[in-house]
Each structure stands twice: as structure tokens, then as C-alpha cells.
Amino acid sequence: MSSTAHLAGVPGVPETLLSQALLATLPDNLAPAPWSCTCDAVLWFGRGGAAATAALAPALRRRGLGVVAGMVRYHETPVGRYDEVFGVVGSHTGPRPRGSVVFMAVDSPASLVGGRTNWGLPKTLAAFEGGVAGGATFTARGVDDVRWRVAASPRVLGPASPVVAGGQTRQVFPDGRVGGSRLSARGRAHPAVVTVEVDSDGPLASWLRPGRHLGAVVRDTRFTLH
């Protein structure tokens, strides 16, 4: 399978499909796993349902139990600084619930290639405004063929607490193989209410729902993705 076909073959929601014009501009993957990163983020939680289930790749399609989403500002990574927006659907794909990343966008071509190649993450390109600091609105807009926009405005509810977390995702690679990734993280998290706006030419808003959500503002976080 050619490099271009491999990148295009990672399944995700319609907002993550890569145009031929974008594929022609992408670099080679120069940052294999694992990645160690530092970041700040706004996270929020949503309910599952039929639309969340439909967002999963067919090989992982079980009842969508819930959604975890977020916008991230990476300060240190193997491919430099960049911003990210993501949506994860949780489902029973084995003896315990696991998440699958069905939507992810970054403003770094190198991160796009690394995410699709290393872990089967359906990254596309986006432009970002704002950030995590000071309760500002953090906004992402698609820059490829499918137009979409996600904005998150957090209101912090209390002081930060130390957080140590870990998790696993299940992703489908272009050859049909189902693979996993493991994340371990340590940082500080403020509880927050996050007001989310979602607009799209595709079905993004049907499962990454706009409105007010419980969530967190996470700072000074270090994590490793295997």
C-alpha cells in the first residue's frame, strides 16, 4: 500500500476525510511511537446514543456509551508545538469499555502524518484561534474540503487538583487490523463547565453535541502515548 493510500485509509467521521490536494502536501512520518508531550487542555463529556454509535468504525461498532472531547495546546512534542481538537466515543469492544478516536484535527502536517501512521488516529488539518488560558474561547475550523467549526468556552468551578490518569484506545488501521494505544498522563485539573459550539457540513454536531457540558481545564500535563 502506498504512503498516500495508507494515510487516506484510516477510518474516521466524514469531517476527517483527506482530499487528494491535502494528501499531496503531506510529509513522511519522522516521529514513530512512543511520543512524550506536555500540554494544556479543555476537556468535556457528553452522552452516547445512536449518533455516537454510528460514528465508530464498523469493526468497532458497539453501542456508544459516551463521548469525551477536548481542545489541546501542545507545548512540547516530537514534532514541535501544535493545537488539536478531538472526539472519542466510548463503547464495549471487549470485557471493559474502551474509547475510539473518531474525530481529530491538528494544525501540524507532521502531527497528522504521525497520528495516522503510528496509531490509526484519523487526524485532519485545522486552523485554531484562542487558547486555554484565562477562560478564553478556543476555536478550531477545518481547512480541507469538509467545512466544520468547534469552539469551547470553559468556566472554571474550583481549584486545581493533581490528576494521574491512563487509558487505552482501539483504532482500525487501513489494512483492517485493530490496534491499541496506551496513554499515561500526570497534571493538574480544574473542574469546569464548558460551553461548546459545533457547526459542520457533515454529521459532527449529531454526536459531538453543542451546549453546556461538565468538563475540566487541565494544565501542566505530561503524558506518553505508546
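For the stretch 93-174, what is the accessible area per residue in Å² when the probe is 1.4 Å?
Details: 3330 Å² over 82 residues.
It amounts to 41 Å² per residue over the stretch 93-174.
Tell me the Rg and the Dmax, in Å, that the Cα atoms of the stretch 101-160 produce.
According to the Cα coordinates of the stretch 101-160, Rg and Dmax are 13.7, 41 Å.
Which value, in Å to one decimal place, does the Kirkwood hydrodynamic radius take for the stretch 59-100 when every pair of different Cα atoms is included?
In the stretch 59-100 this quantity evaluates to 12.0 Å.
Taking the inverse of the average 1/r across all pairs of different Cα atoms in the stretch 6-65, what Kirkwood radius in Å do you get?
On the way: mean 1/r = 0.0667 Å⁻¹.
Answer for the stretch 6-65: a Kirkwood hydrodynamic radius of 15.0 Å.
Normalised by the residues of the chain, what does the relative contact order come to in percent, with Cα pairs under 8 Å and at least six apart? Spell out each step's value before the answer.
Details: 625 pairs, mean separation 52.9, N = 226.
Reported relative contact order: 23 percent.
Whole-Hz Karplus ³J(HN,Hα) for the stretch 82-91, in order, using 6.51 cos²θ - 1.76 cosθ + 1.60 and θ = phi - 60°, x for Gly and Pro?
Here the 3J(HN,Hα) series is 6, 10, 8, 10, 8, x, 10, 9, x, 7 Hz.
Which three lengths, in whole Å and largest first, does the stretch 20-131 cover when its Cα atoms are put on their principal axes?
Reported extents, whole Å, longest axis first: 36, 29, 27.
Rg and Dmax of the chain, Cα atoms, in Å?
Cα radius of gyration and Dmax of the chain are 16.2, 50 Å respectively.
May I ask for the angle, rounded to the nearest 10°, between helix 109-119 and the longest principal axis of the chain, with both axes built from Cα atoms and the value confined to 0 to 90°?
The answer is roughly 80 degrees.
Heavy atoms only, probe 1.4 Å: what % of the accessible area of the chain goes to carbon and sulfur, would you let me know?
Numbers: 5570 of 10170 Å².
Whole-percent figure for carbon plus sulfur exposure: 55.
Sort the stretch 97-226 into rounded, prolate or oblate with this rule: let a ≥ b ≥ c be the square roots of the eigenvalues of the Cα gyration tensor; rounded if a/c is under 1.5, and if a/c is not under 1.5, prolate when a/b is larger than b/c, oblate otherwise. Could you put the intermediate results ahead of the total?
Numbers: a/c = 1.78, a/b = 1.17, b/c = 1.53.
Taking the square roots of the gyration eigenvalues as a ≥ b ≥ c, the stretch 97-226 is oblate.
For the stretch 158-214, state what percent of all Cα-Cα pairs lands in each successive 10 Å bin, counting from 0 Å until the bin that includes the largest distance.
Pairs per bin, as whole percents: 18, 23, 40, 18, 1.
Out of all Cα-Cα pairs in the stretch 69-131, roughly what percent, to the nearest whole number, are more than 16 Å apart? Present the calculation step by step, with values, prior to reporting the outcome.
On the way: 931 of 1953 pairs.
More than 16 Å apart: 48 percent of the Cα pairs in the stretch 69-131.
The values are calculated or read from the model by the stated rules, or taken from the named source; none is laboratory data. All values reported here derive from a predicted model rather than from experimental measurement. Heavy atoms of the whole protein, side chains included, go into the accessibility calculation; ligands, DNA and RNA do not. Shrake-Rupley method; radii C 1.70, N 1.55, O 1.52, S 1.80 Å.
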